[in-house]
2 protein chains.
Amino acid sequence: MERRVRDATCRVYGRTGWSGFSIEAVAREAGVGKASIYLRWTDRKNLLVDSLVTTLATVADVDTGSLREDLRLIVTHHLRYYFGDLKEAAFRMATEASLTPELRETWDTWRESQALAARATVRRGIERGDVPADVSVTLVLDTLLGGALMHALVTPQAMDGADIEELAASMVDFVLAAAHA
Amino acid sequence: MERRVRDATCRVYGRTGWSGFSIEAVAREAGVGKASIYLRWTDRKNLLVDSLVTTLATVADVDTGSLREDLRLIVTHHLRYYFGDLKEAAFRMATEASLTPELRETWDTWRESQALAARATVRRGIERGDVPADVSVTLVLDTLLGGALMHALVTPQAMDGADIEELAASMVDFVLAAAHA
């Protein structure tokens, strides 16, 4: 039941954004009663943030021993949800969450934890000598993760798993070339 | 009056997104009558798209003779609206427009024209020999413009004009280093 409600939450939010988002619409979409949603989640904010955080990618534990491989996994993960069923919810949340007073704090905390994990991944690469010590961790991550988001925003066509892995590899190679220059 | 209505449109849209956007709210925000808005714009879709397209950056005519300089101007332009008064409207439109059936076509057409202009800028750089001929125009633009968007999304603090120019320069140098590698 929880999984079904979370999936319905992401679909409804993807269609309407926060201003059209309601527990009633989620109940209808999931085919469950409102009361059973309130048994588990206190309000629409709690329901939405929990569903997105549970369902979206987490990069916290990527550590293959190779920076190139770690970054490929992270970018592939991001591209998969930008090109998958959660596309609408992920796009909206990327920009809307910080603009919405009710969502800002929880979302920023979660995004911060994701950013710290990604930064730690690049720093481990620097310590291993995978990239020079003076590389800007911020530039590497902004161009890589922003590049994945931008590519998805301007590419309405679907991409299959092989295309996504190929794209992730070429983005990582491109950015690591800059890091080595 | 047109300028005042367009500015009010961007502010209202930035606060509410499409599902909360109405001509009534814009009239209230601008302090004008609804009737005078309808004299100039046929409906809320027309009002929103016209206001955003008129107000947001256009990169169509950047051609300084140097790819590095052209790209710095383009990225500075993007960062200025991501960190300026239009921030909320720009963030929302970047992701929401293509998800909203009423907005998709007009917005995609405009974005496509912007993308073609940016691609032409990079191609002129290739023809002049500013970057190698085998560079991926898509990778250059996705990482650069996506990097600017991502930086703005994860940086809630304000940036002044000098900071923005410095950031734009370091992003362009980073991506051009990849293009040369």
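The figures follow:
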read-out	value
Flag if B:Tyr81 is aromatic (Phe, Trp, Tyr) and surrounded by 22 or more Cβ atoms within 10 Å (Cβ to Cβ)	no
Residue selected from the range B:123-166 under the condition of a type in the set (A, V, I, L, M) and closer than 12 Å to A:Thr143 by Cβ, by the criterion nearest to the other protein chains (Cβ to nearest Cβ)	B:Met150
Some residue of the range A:135-142 being more than 24 Å from B:Ser170 (Cβ to Cβ) and not assigned by TED's automatic domain parsing to the domain that holds A:Phe21	no
Where a residue in the range B:160-180 is more than 20 Å from B:Asp134 (Cβ to Cβ) and its partner, wherever it lies, is outside any helix (DSSP H, G or I), with Cβ under 8 Å and at least six apart	B:Ile164/B:Phe83; B:Leu167/B:Met159; B:Ser170/A:Ser136
Matching entry among A:Val75, A:Val59 (being more than 10 Å from chain B (Cβ to nearest Cβ) and modelled with pLDDT under 90)	A:Val59
Unique residue being assigned by TED's automatic domain parsing to the domain that holds B:Thr138 and closer than 21 Å to B:Leu176 by Cβ when the list is B:Arg111, B:Arg123, B:Arg92	B:Arg123
Lone qualifier among A:Arg80, A:Arg111 - being in contact (Cβ under 8 Å) with a residue 40 or more places away in the chain, among the basic types (Lys, Arg) and either closer than 21 Å to A:Asp7 by Cα or more than 9 Å from chain B (Cβ to nearest Cβ) (or both)	A:Arg80
Only one of B:Thr64, B:Thr95 that is under 30 Å from B:Thr121 (Cβ atoms) and crowded, with 19+ Cβ neighbours inside 10 Å	B:Thr95
Any chance A:Val53 is of a type in the set (A, V, I, L, M), crowded, with 16+ Cβ neighbours inside 10 Å and under 11 Å from the mean Cα position of the chain (by Cα)	yes
Qualifying position, being among the charged types (D, E, K, R) and modelled with pLDDT under 85, among A:Arg128, A:Arg104	A:Arg104
Residue within the range A:140-149 that is surrounded by fewer than 22 Cβ atoms within 10 Å (Cβ to Cβ), on the phi < 0 side of the Ramachandran plot and either not charged (D, E, K, R) or not in a helix (DSSP H, G or I) (or both) present	no
Complete set of residues in the range B:171-181 that are among the small types (Gly, Ala, Ser) and more than 7 Å from chain A (Cβ to nearest Cβ)	B:Ala179
Meets criteria (at pLDDT below 90 and surrounded by 13 or more Cβ atoms within 10 Å (Cβ to Cβ)) for A:Val12	no
Unique match (being acidic (Asp, Glu) and under 18 Å from the mean Cα position of the chain (by Cα)) among A:Asp142, A:Asp163	A:Asp142
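Residues checked against (1) within 14 Å of chain B (Cβ to nearest Cβ); (2) under 18 Å from A:Met150 (Cα atoms):
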position: A:Arg11; (1), (2): yes, no
position: A:Ala27; (1), (2): no, no
position: A:Val32; (1), (2): no, no
position: A:Ile37; (1), (2): no, no
position: A:Asp43; (1), (2): no, no
position: A:Glu69; (1), (2): no, no
position: A:Phe91; (1), (2): yes, yes
position: A:Ser98; (1), (2): yes, no
position: A:Pro101; (1), (2): yes, no
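The values are calculated or read from the model by the stated rules, or taken from the named source; none is laboratory data. Since the structure is predicted, the reported quantities are computational estimates derived from the model, not experimental observations. Note that we place each Cβ from the backbone using ideal geometry, even for glycine, and neighbour counts take in every protein chain shown.
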